[in-house]
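See below for the structure under consideration.
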Amino acid sequence: MELIAKRKNKEIFADKNTIVKLYNEGHSQSDILNEALNQSRVEEYSNLNVPKLIEVGKIENRWAIISEKIEGKTISELMKEDSENIDKYLNLFVDVQLAILENEVPLLNRIKEKFTRKLENATNIDENTKYELLQRLQGMKNHQKLCHGDYHPSNVIVKEDGAVYVIDWAHVTQGNASADAARTYLLFSIDKQEELAEKYLNLFAEKSGIEKSHIQRWIPIVAATQMTKNIPEEQEFLSKWINVMDFE
Ligand SMILES: Nc1ncnc2c1ncn2[C@@H]1O[C@H](COP(=O)(O)OP(=O)(O)OP(=O)(O)O)[C@@H](O)[C@H]1O
Ligand SMILES: [Mg+2]
């Protein structure tokens, strides 16, 4: 098989028809099994195009998730290669996110519970801020929309025939569309794509009919959940966002 990507905690291999996500030894086994279960729940209970789960197992002492390979280009690649048409790809990107959010997949973790647990366990956020963020989170309505949780152009593959597939379901939950949009906004911002982040937010608000200010109220919360990952180069940037508490 060919190595197609290398990350801190895993390598990704491909052959003609399959993709193997091969995790480093010592990576949390429950996280890996949870990712496979999440992918499988989305495959079974949503109307979306997602890669079929083929196998979960061990290869030389390392856990592997084996899935169907989707032949095509990610929206990230298309945005880079064909940057004149970036607006067209951003439109498609938002339309696909809205199509995801139309689904309901029972049994997935609830976003408010997941975020509450993360914030309560955070050791790098001061207690006052934590308290305020938890209050705000509790005040948010309970929704059951399918939230990808890591929705970014590198996780959407467009086939030659135009069919669109969404990959990388490790962080999927059920919950609030605004939280998922705030997370996407933050992913663009962390990547230093501020202009695209703003364009995305305006377009998502327009197409979803959700007030932009409502999505922005989630930004400090999602920034705080990202902070708990403790990635050194992100900490300063994230603390700025966490402290923008005044979106009313
Ligand atoms: N089923 C698939 N078919 C085709 N390509 C895939 C598939 N799964 C993963 N890839 C490719 O491998 C890359 C990384 O896979 P994935 O998104 O699942 O892992 P990741 O750890 O989240 O990586 P990233 O940091 O890029 O998001 C994708 O951006 C895509 O290019
Ligand atoms: Mg990915």
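Quick rundown of the values:
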quantity: For segment 21-151: rounded, prolate or oblate by the Cα gyration tensor [a/c cutoff 1.5]; calculated: oblate
quantity: Potential lengthening between residue 138 and residue 159 on full extension [0.36 nm per residue; Cα-Cα distance subtracted]; calculated: 3.5 nm
quantity: Tilt relative to the chain, helix 194-208 - C-alpha long axis, 0 to 90 degrees, to 10; calculated: 90 degrees
quantity: Cβ crowding within 10 Å averaged over residues, with 148-154, 98-104, 163-169, 56-62 ranked highest first; calculated: 148-154, 163-169, 98-104, 56-62
quantity: Sites matching trypsin sites (Lys or Arg not before Pro) across segment 162-236 that sit in DSSP coil, with at most 15 neighbouring C-beta atoms within 10 Å; calculated: 192, 229
quantity: Amide H contacts of residue 54 (H built 1.01 Å from N, under 5 Å, at least 5 apart or other chain); calculated: 66, 67, 68
quantity: Nitroxide proxy distance, nm - points 7 Å out along Cα→Cβ at residue 17 and residue 107; calculated: 2.6 nm
quantity: Nitroxide proxy distance, nm - points 7 Å out along Cα→Cβ at residue 45 and residue 60; calculated: 3.7 nm
quantity: For segment 10-21, Karplus couplings with θ = phi - 60° (6.51, -1.76, 1.60), whole Hz, Gly/Pro x; calculated: 6, 10, 10, 10, 9, 10, 4, 10, 10, 10, 10, 9
quantity: Segment residue 85-residue 28, length gained on full extension (0.36 nm per residue, minus Cα span); calculated: 16.5 nm
quantity: At R0 = 22 Å, FRET efficiency that the Cβ-Cβ distance of residue 37 and residue 9 yields, to 0.05; calculated: 0.75
quantity: Sites residue 52 and residue 194, calculated FRET efficiency, Cβ-Cβ separation with R0 22 Å, nearest 0.05; calculated: 0.05
quantity: Integer Hz, Karplus 6.51/-1.76/1.60 couplings in order for segment 92-97, x for Gly and Pro; calculated: 4, 4, 5, 4, 5, 4
quantity: Phi to ³J(HN,Hα) by Karplus 6.51 cos²θ - 1.76 cosθ + 1.60 over segment 145-156, Hz, x for Gly, Pro; calculated: 7, 6, 10, 4, x, 8, 6, 8, x, 6, 10, 10
quantity: Loop-located trypsin sites (Lys or Arg not before Pro) in segment 89-174 whose Cβ has at most 14 other Cβ within 10 Å (DSSP); calculated: 141
quantity: For segment 206-248 and segment 112-140, distance of Cα centres in Å; calculated: 12 Å
quantity: The chain: angle of helix 29-45 to the longest principal axis, Cα-based, in degrees nearest 10; calculated: 90 degrees
quantity: Listed pairs 52/145; 16/199; 8/212; 58/114; 10/207; 52/112 exceeding 31 Å between Cα atoms; calculated: 16/199; 8/212; 10/207
quantity: Cα-based helix-to-principal-axis angle, 127-139 vs the chain, degrees rounded to 10; calculated: 80 degrees
quantity: Estimated [θ] at 222 nm from DSSP helical runs (n ≥ 4, -39500 (n - 2.57)) normalised by residues in the chain, nearest 500; calculated: -15000 deg cm²/dmol
quantity: Lys, Arg +1 and Asp, Glu -1 on Cβ, resulting dipole of segment 2-68 about Cα centre, debye, nearest 20; calculated: 200 debye
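Computed from the coordinates by the stated procedures, all read-outs in this text should not be read as laboratory data. Computed from a predicted model, the values in this text were never measured in an experiment. Don't worry about glycine lacking a Cβ; one is built from the backbone with ideal geometry, like all the others, and counts go over all protein chains shown.
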